[in-house]
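Notes follow the structure.
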Amino acid sequence: MKLPPFRLHRPGSVEEASRLLTDLGDDATAYCGGTELLLAMKLGLTTYEHLVDLKRVDGLRGVADGSGGLLRIGAATTHHEVETSAAVRARYPEMSMMISHVANVRVRSVGTLGGNLCFADPHSDPASFLMAVGATLECQRDGEVRRIPAAGFLTGLYETALAPGELLTAVELPARPDRTGLSHRRMKLTERPAVTVTAQITVRGNAVAEARLIVGSVGIMPLAADATALLGATAADFGPRSASCAGQAAADCAPLPDGEASPDYLRHLVTVYAREALEEAFAAAAA
Amino acid sequence: MNAVGQSVERADGRLKLAGQAEYTGDIRLPGMLYGAILHSQVGHARITSISTAAAEKAEGVVAILTAEDLSDLDPYYGHALRDRPIVALGKVRFTGEPVAVVAAESQAAADAAVAYIDVEYEELPVAACLDQALAEDAPLVHEQVARPGASHGLGDLPDAEGNICYSYSFRRGDVDGAFADAAVVVEGEYAFPAVYQYSMETHTTIAHWRGGELTLWSSCQHPFLVRQEIAGLFGLPLDLVQVIVPFLGGGFGSKSYTKMEPLTAAIARKAGRPVRILNSVNESMITTRRHNMKCRMRTAAAADGTLLGRSAEAWMDTGAYADNGPRVTATAGDAAPGPYRWRAVESAAHCVYTNTSPSGSYRAFGATHLQWIGESQLDEVARRLSMDRLEIRRRNLLRPGEEVRPGGKPLDADLIGDVEKAAAEVGWSDSSADVYPRAPEAVPRGRYRRGRGVSVGLLAAGAQPVSMATVRMGPDGSVTVLVGTTELGQGARTVMAQIAAGVLNSPVSKVVMRGTDTRYTPYDRSTGASRSTTVAGLAVQRAAQSVLDALLETATVKLETPPGLLRTAEGRIEDQGGRSITHGELVRARFGFDGGELIGHGRVQPEGGSGSYAEGPVFWEVCVAAVEAEVDVETGVITVLRTSTVADVGKAINPQLVARQDEGALLQGIGNALFEEMHFAPDGMVLNDTLLDYRIPAFEDMPASMTCTIVENGDGPGPFGAKGCGEGALAAVPAAIVNALADAGVPMNALPLTPERVWRRIQELKIS
Amino acid sequence: MTERVQATINGGHFEGEVAPQELLLDFLRDRLGLTGTKQSCEVQVCGACTVLVDGNPVSSCCFLAADIDSREVETIEGLVGSDFHRRAVEAFMRHAAVQCGFCTPGMLLTAKALADRGLDANRGEIAVAMNGNLCRCTGYHSILDSLTELLGDPA
């Protein structure tokens, strides 16, 4: 399986990259690690005549502490760099853990967080995780910057909210509130995950003050499940409330037909893993 | 016998660790072209036209082959049934069947040109699975019965019936009576998946015609059988077809018999230049796979646990072409009774054509298909009779010397000893955990439930026992072994050198086994069916003995001592008094100058009869394992905690390599048991044809504890009492896992034991 | 339209043109004759095509030759002769952890990358770290024994 012929462009700045993508239109796409794109092109699932390589664009790579406890990850930062970043490990060790299970060591060494998000493969971990922590995605075009909440970034199968010529430039994780627990669960049957669940719980006093439950890899896009039933829960009643919340999440998700698993079974796994993730997040928050 | 029995280091290890071992895909010939195949996109159709005009103009294209280039040949091959045309001839029978081949100056150019070949099809109704192929008005995959092939060893093939191209059956004793007398009858219907062997090196072949002679470099396991088929196809005498086999990156049966060689030879003939065809994984997946199977089985037993009767019928899906299907079918039929004593037994197995990719050999075929079924029924009998599952096996297992099948080789292994050893390694005991009926406190409960299982089976091993070997000793005492076993990774080059070194008492470092080149290497039937140590190794032993005889002859003269008073020492012959002459000195003395060579010849052939399947096997390979496994009843996920396998090998020429075989077979067994399965669309197309969607066992799938017990009872027909190994664990491990899962409360009738299948069964049984 | 590439390959300087769509695997094997790196699954799963780029393990089957520009590439041919390779050979030979050998170069290069990253791990952690390298022959047991010696806590 070989690649079809294409031209490679190597802009040095976001502006140049953005202009190239706009001018070349549908025949072009952004390219960075290529671990999803090149594979898709080899498999004949997609083809482009122009690849706009972002690896030489200034300022897209690296993890930095932002103001107010923000954690800023450049879109062209590799998974491995995210996983091993001291800042990520300090503020969001669960993210480091989640990333460490993505694909394999080679894909993590080459593939980027931004590339993963922009390719928007349904079977994926980072997007739903970022939705659970309330991350924001910084996008740029023609010098204009906008920030899209993670929850609004994915818009369909292999589709994002990026406008033509617009680049994802950074992922920003908010300052983590005190007493916030995070848990990410995944199950895979073949190479890519079949189910992922991320839960974030913030506790104030002895009760749940904030809760997010995101179900990924099951449907075309991650599902932000309804976690309102958990608000106000305490240790005494967290169990049954989380079971009910997990059940509702399973009912609400729309499983894609999958060669390996039926929708019923995938929904069942959602109830199991959602429950586990919620319990673990709560225990971590309450501790 | 010094090197023999030692875990001598692998002869090819350092080469492979340096990335310097040459595989077929590493070879570049001057002027070599690259082949790309146009695969049929339909499952069953007549080809109404093929136009290659546009493709021929594509950049870099040198030649394109279609059926019309084969009109001077009888283009059908197949060692069991000659049903396979070199390239689709008038008809395609499976999605993926080669319809044309392009040879071009680069792989990219060849790949690109394929898209410009235009094929028109008139589609035919498709029989893409067993049910469709066996239905009353099923479309026929082959309208005409194929001629028998030259080397199946199955005797006269029975007439085909519809899409059933071969059947194997036998009946002994009064089966109805046995079932009528039974206190317990267990019955069931079972399903076994299509599995892809996945050797990491895919099928690779280079063909080069020079002046009417053909040389093939190929990743093939049986170069002499390939030579025979190719010579027959192209009308050449055998000595004008040369097959050279570099190192193979795995085989496991997927590279047995003839695969890509005819197609490569045909395109090279047309191109007038060497051509290489190198499959991608998705192409190798539709080149060969394991037979999927349906099976019905019944077991009858008396109240005291004595087995009375077994009745089984199995249908093997051989895909669109038979390949080794008949032999797989016969072996499956023979595996149905298991290694037990029965009052009556009947078994029938059918080889069925379907419009899917062809099935062929994969490690432990037949046994892997049937062992888990018979063994799960035996465990169920034990449960119903409240008997210990080891005890019921002790009572009914055949003992050494007993007849396994009439006219065939009697049992040559201590199966009871083997299964007891395996069970002990996973903590089997007389405790309430393992004995039925279980005490209430021993019944598995909770989310994670554990169980233990054992399994015993036999595999007819050795194939056709025909093998020659040459051992050559040079005037410096160095030794070259020429024997046709191909190095797939199993360690042939190491073990054959050890055998020769052992007989001669040469240091192993001075003995080298060279790769197979049919022009220079003597004939060996095949590498597979665990036969190499036993059959080819025996030929090597005899050849080395013949060299030793010559050395002793010369030593007798030089030392003026009768041969009976001479003995071997390392690298030399010595007398009782301590005088000795080195091998090199003996060779030079024999020829009177600093040159010459001793050549020893060893021959193995059937001792009586023809070496046919029915008369064999050469030996019975033991398939014994025990497993402790855990199931998460909430998700159906199974974790294999502990495994133990038994390699009952008579004599372990290289104990470390024996254990390595079991370890590899074990992980393949875990894959076959838990998740490996090819999925087919309604038109027979393979849906999961890359490793993105077909899961291969990885580090994470290793059991926490894996033990291999080597049993050496000296009861093999091979050199030093050896018999082969390498396949038994693959048959036994899935069976032991199924039994462990049933012990945990979840009996299953279908493989693989995917989490969803297991979970659904748990729902059915309402046990969570 | 080609891409100009300057790179260090196994310690030696390379300068030349590559087609943009040329895969690093084909470049190494066919252009440079470095056939120690193997092609198997072609979809980044098996690890047989692993090479190191700036010390990072990559699937050369899904990596552009053009992307080695200004970078350092190490293949199995470059690893041979190093102290790591010597120790790896010793361990793998002792445990007979090589069978067909097709996965072997990828295993060694991945192990080297992990060692250089400072992996100091127990057997279970090594299995997790190596999980992206497939082997169909060995059942992993002997490879894990070898790597535990090679990568584990030397004490």
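Values in this text are rule-based calculations from the coordinates and carry no lab data. Everything numeric in this text was worked out from a predicted model, so none of it was measured. Every residue, glycine as well, gets a Cβ built from its backbone with ideal geometry; the counts of neighbours run over all protein chains shown.
Below is a table of values for the structure above.
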| quantity | calculated |
| --- | --- |
| Helix A:14-24 vs. chain A, principal-axis angle (Cα, 0 to 90°, nearest 10) | 70 |
| Span-rule helices in chain B, defined as complete DSSP H runs reaching 24 Å or more along the axis (Cα) with Kyte mean at least 0.5 | B:537-559 |
| FRET efficiency, A:Thr46 to A:Asp23 (Cβ-Cβ, R0 30 Å, nearest 0.05) | 0.90 |
| Around A:Tyr273: net Lys/Arg minus Asp/Glu count, Cβ-Cβ under 14 Å | 0 |
| Average beta carbon contacts from partner chains per residue of C:2-8, 10 Å cutoff | 1 |
| Coordinate range along principal axes, alpha carbons of segment A:18-89, Å, largest first | 41, 27, 18 |
| Kirkwood-based Rg to Rh ratio, the protein assembly as shown, C-alpha trace | 0.98 |
| Cβ-based net charge around B:Asp111, under 15 Å, with every Lys or Arg adding one and every Asp or Glu removing one | -4 |
| Candidate lysines - alpha carbon under 20 Å from B:Lys259, same-chain residues fewer than 8 apart omitted | B:Lys91, B:Lys270 |
| Cut-off under 5 Å, modelled amide H: who pairs with B:Val184 long-range | B:Ala301 |
| Residue-averaged beta-carbon neighbours from other chains (10 angstrom radius) around C:10-22 | 2 |
| Label-to-label distance, nm, for residues given as B:Glu136 and A:Lys188 (7 Å Cα→Cβ offset) | 4.9 |
| Neighbour-count order for B:Val185, B:Val454, B:Val61, fewest beta carbons within 10 angstrom listed first | B:Val185, B:Val61, B:Val454 |
| Residue among B:Gly718, B:Cys708, B:Pro682 farthest towards the positive dipole end of segment B:620-753, charges placed on Cβ | B:Gly718 |
| Cα centre as origin, Lys/Arg/Asp/Glu Cβ charges: segment C:1-90 dipole, Debye | 260 |
| Tensor-based shape of chain B (alpha-carbon gyration tensor, a/c under 1.5 rounded, otherwise prolate or oblate) | oblate |
| Selection from B:Val471, B:Ile581, B:Ile392, by position along the positive dipole direction of chain B (Cβ) | B:Ile581 |
| Whole-number percent relative contact order across chain B, with pairs defined as alpha carbons under 8 Å at least 6 apart | 16 |
| Burial ranking of peptide ranges A:206-218, B:579-591 (average Cβ count within 10 Å, highest at the top) | A:206-218, B:579-591 |
| Rg [Å, one decimal], Dmax [Å, integer] - segment B:444-579, C-alpha atoms | 20.8, 80 |
| For chain B, with +1 on Lys and Arg beta carbons and -1 on Asp and Glu, the positive-most of B:Ala268, B:Gly728, B:Tyr520 along the dipole | B:Tyr520 |
| FRET E, pair B:Asp549, C:Glu149, Förster distance 51 Å, beta-carbon r, rounded to 0.05 | 0.70 |
| Cα gyration tensor shape of segment B:100-240, rounded if a/c is under 1.5, else prolate or oblate by comparing a/b with b/c | prolate |
| Most to least packed among B:598-606, B:291-299 [average Cβ atoms within 10 Å] | B:291-299, B:598-606 |
| Chain B - charge dipole about Cα centre, Lys and Arg +1 at Cβ, Asp and Glu -1, debye rounded to 20 | 1300 |
| B:Leu687 versus C:Asp54: modelled label distance in nm, points set 7 Å from Cα along the beta carbon direction | 4.1 |
| Convex hull volume per residue in cubic angstrom - Cα atoms of segment C:82-124 | 86 |
| Shielding by other protein chains, B:200-211, mean Cβ within 10 Å | 3 |
| Fully extended contour minus Cα-Cα distance, from B:Gln763 to B:Ser106, at 0.36 nm per residue | 231.0 nm |
| Backbone N within segment C:43-85 under 17 Å of label point (7 Å from A:Glu16 Cα along the Cβ vector) | C:67, C:69-70 |
| Linear extension gain, B:His601 paired with B:Glu122, 0.36 nm per residue minus alpha-carbon span | 166.8 nm |
| Nonlocal amide H pairs with B:Glu615, under 5 Å, H built at 1.01 Å | none |
| Rounded to 10°, Cα long-axis angle of helix C:141-151 versus longest principal axis of chain C | 80 |
| Qualifying aspartates and glutamates (Cα of each under 20 Å from Cα of B:Lys651; at least 8 residues distant if same chain) | B:Glu9, B:Asp412, B:Asp414, B:Asp418, B:Glu420, B:Glu621, B:Asp662, B:Glu663, B:Glu712, B:Asp715, B:Glu727 |
| Computed magnitude of the charge dipole of segment C:92-155 (debye, nearest 20; Cβ of K, R +1, Cβ of D, E -1) | 240 |
| Angle in degrees between helix A:263-286 and the longest Cα principal axis of chain A, rounded to the nearest 10 | 70 |
| Descending semi-axes in whole angstrom, ellipsoid equivalent of segment A:166-228, from the Cα gyration tensor | 25, 18, 11 |
| Where labels lie 7 Å past Cα in the beta-carbon direction, separation of B:Glu441 and B:Glu560 in nm | 8.4 |
